[in-house]
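For reference, the structure is listed below as structure tokens.
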Amino acid sequence: MALKTIRIKLKSIDQALDDAVSTMKAIEKGRRVKPRKGVYFENLEAVRSILTENRLSLLRLIRKHKPDSVAELARLANRDFKHVYGDVELLQDLGLVQSRRTSRESRHG
């Protein structure tokens, strides 16, 4: 497992829609559009609902111990595998965590 550095920003729905309209207009005019990287939330409460203390703790453990698997991370966190797995899936969806496939996983999946 590896961590990625990403930007987390707050953006209202209106701002997000304005950005989307600007991007579509630029594409219509044939201009190149620079991709915007990061994770956007509408407000701080939304950030807190996703980046809970348990998930932040997992990120700290990954940075410190660099576990090879979710099972190892669950042991380090002293938490149930199923809950850690769900948290890691969400962190991967956000782009905060990347899993590294082992050669064994590559052969089987």
Listed by chain and number, the lysines with an alpha carbon less than 17 angstrom from that of LYS37, same-chain partners under 8 positions apart left out, are LYS4, LYS9, LYS11
Mind pulling the angle between the C-alpha long axis of helix 81-93 and the longest principal axis of the chain? Nearest 10 degrees, somewhere in 0 to 90.
30
Using modelled amide H (1.01 Å from N, peptide plane; none on Pro or chain starts), what sits under 5 Å from the amide H of PHE41, excluding residues fewer than 5 places away?
LYS9, LEU10, LYS11
Given the peptides 25-32, 53-60, arrange them by the average over their residues of other C-beta atoms within 10 Å, most packed first.
53-60, 25-32
Here segment 1-55 gives, from Cα atoms, an Rg and Dmax in Å of 14.7, 46
Starting from 0.36 nm per residue, how many nanometres of slack lie between LEU56 and VAL39 once their C-alpha separation is accounted for?
4.6 nm
Semi-axes of the chain's equivalent ellipsoid from the Cα gyration tensor, sqrt of 5 times each eigenvalue, largest first, rounded to whole Å?
33, 19, 10
What is the set of long-range amide H partners of VAL97 at a cut-off below 5 Å, with H atoms built 1.01 Å from backbone N?
LYS4, GLN92
So what is the calculated 222 nm ellipticity per residue for the chain, using -39500 (n - 2.57) for each DSSP H run with n of 4 or more, over all residues, to the nearest 500 deg cm²/dmol?
-17000 deg cm²/dmol
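Values in this text are rule-based calculations from the coordinates and carry no lab data. These figures come from a predicted structure and were not determined experimentally. Every residue, glycine as well, gets a Cβ built from its backbone with ideal geometry; the counts of neighbours run over all protein chains shown.
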